[in-house]
Amino acid sequence: MKYENIVRGKFKERPNRFIASVCVEGNEERAHVKNTGRCRELLEKDADIYLEDHIGEMGKRKLRYSLIAVEKKTERGTFLVNMDSQAPNKVVKEAVENGDIRLPGMSSLVKIKAEAMYGESRLDFYAEDDRGREAYIEVKGVTLEEDGLARFPDAPTERGVRHLEELIKAAGEGKKAFVIFVIQMKDIRSFTPNRHTHPAFADALKEVSKHGVQILAKDCIVTEHSMTIDQDVPVIL
């Protein structure tokens, strides 16, 4: 997945979930934050950030810039974290279609449909393989990490719990069911649910693993201009 027209800037503050005050080429600007999570450990004052510049294609847009990625400074060094909450679904679709993600128990896919209704929820993907086997896939983007351990969520997500419950139902009907955690960075040792922030989600994730729902975690190669699914990351429940 690639971005066009990326510029570098500095983060200043976040007056609300959707807006950031940034500095671009010495000018103060407002940028759209494409992630409604807290991201407090990322969006520190004067952090180096990367923004997509929509000049020339504004249409009905109110803000010229969208915040895409941030440089995170740690004792282990500085690395780039993609913050675009729309990116995980895009890279999963690309990776499933080109074979970089193989869904266990599924053969060659003949169909993949985004935003598929199941029960009372809209899940991220519905897929069918060449043997008629069906699958539902839910994707979660992960931007929270500490000392190489990635965690999800960074804020309570009742919607996320509901999606896991729907996946249990799908598995109970004989369909394949997957939840894929897309870790939007490299240099990750393992992934675990963030029990401290949302115990119910951690409990639900542990429960789905007992009911045939397969849990995958993948890290990503992140640049200023792109994000690509890379390697499997161990999941610790």
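The values are calculated or read from the model by the stated rules, or taken from the named source; none is laboratory data. This is a predicted model, so every value here is computed, not measured. Glycine also receives a Cβ, built like all others from the backbone with ideal geometry; neighbour counts cover every protein chain displayed. To get the accessible areas, we keep the full protein, side chains included, count just its heavy atoms, and leave off ligands, DNA and RNA. Shrake-Rupley method; radii C 1.70, N 1.55, O 1.52, S 1.80 Å.
Compute the whole-percent fraction of alpha carbon pairs in region 183-233 spaced more than 18 Å apart.
Pairs farther apart than 18 Å: 46 percent.
With a 1.4 Å probe and all protein chains in place, put L63, L109 in order of accessible area, largest first.
Highest to lowest solvent-accessible surface, that is L109, L63.
If all Cα-Cα distances of region 86-139 are sorted into 10 Å bins from 0 onward, what percent lands in each bin, rounded to whole numbers?
Per 10 Å bin, starting at zero, the Cα-Cα P(r) for region 86-139 comes out as 25, 58, 17, 0 percent.
Nothing charged except the Cβ atoms of Lys and Arg (+1) and of Asp and Glu (-1): what's the magnitude of the dipole of the chain about its Cα centre? Round to the nearest 20 debye.
I would put it at about 440 debye.
Carbon and sulfur: what percent of the chain's accessible surface (1.4 Å probe)?
Of all accessible area on the chain, carbon and sulfur atoms account for 44 percent.
Anything over 26 Å Cα to Cα? Flag those among K73/K210; K34/K176; K111/K218, in the order listed.
Exceeds cut-off: K73/K210; K34/K176.
In whole angstrom, and with the biggest value first, how far do the Cα coordinates of region 1-76 range along each principal axis?
Answer, in whole Å and largest first: 41, 28, 25 Å.
Place a +1 charge on the Cβ of each Lys and Arg in region 97-237 and a -1 charge on the Cβ of each Asp and Glu, then give the dipole magnitude about the Cα centre in debye, rounded to the nearest 20.
For this selection, approximately 400 debye.
Name the residues whose placed amide hydrogens come within less than 5 Å of the amide hydrogen of R189, ignoring near sequence neighbours (fewer than 5 apart) on the same chain.
L149, A150
Could you work out the local net charge near E41, counting Lys and Arg as +1, Asp and Glu as -1, over the other residues with Cβ closer than 11 Å to its Cβ?
In short, +1.
So if I place +1 on the C-beta of Lys and Arg and -1 on the C-beta of Asp and Glu, and nothing else carries charge, what would the dipole magnitude of region 51-149 be about its Cα centre? I want it in debye, nearest 20.
So the dipole magnitude of region 51-149 works out to roughly 320 debye.
Give the Rg/Rh ratio for the chain, taking Rg as the radius of gyration of the Cα atoms and Rh as the Kirkwood radius, to two decimals.
Answer for the chain: 0.98.
³J(HN,Hα) across region 218-235 via Karplus (A = 6.51, B = -1.76, C = 1.60, θ = phi - 60°), whole Hz, x for Gly/Pro?
Karplus-based 3J(HN,Hα) across region 218-235 equals 10, 8, 9, 7, 10, 10, 4, 10, 7, 8, 9, 4, 10, 10, 5, 10, x, 9 Hz.
Given H placed 1.01 Å from N in the peptide plane, which residues other than close sequence neighbours of G141 have an amide H under 5 Å from its amide H?
Amide H to amide H, under 5 Å and 5 or more residues apart or across chains, G141 pairs with V182.
Need the C-alpha centroid separation for region 1-43 versus region 168-237, integer Å.
Distance between centres, Cα-based: 26 Å.
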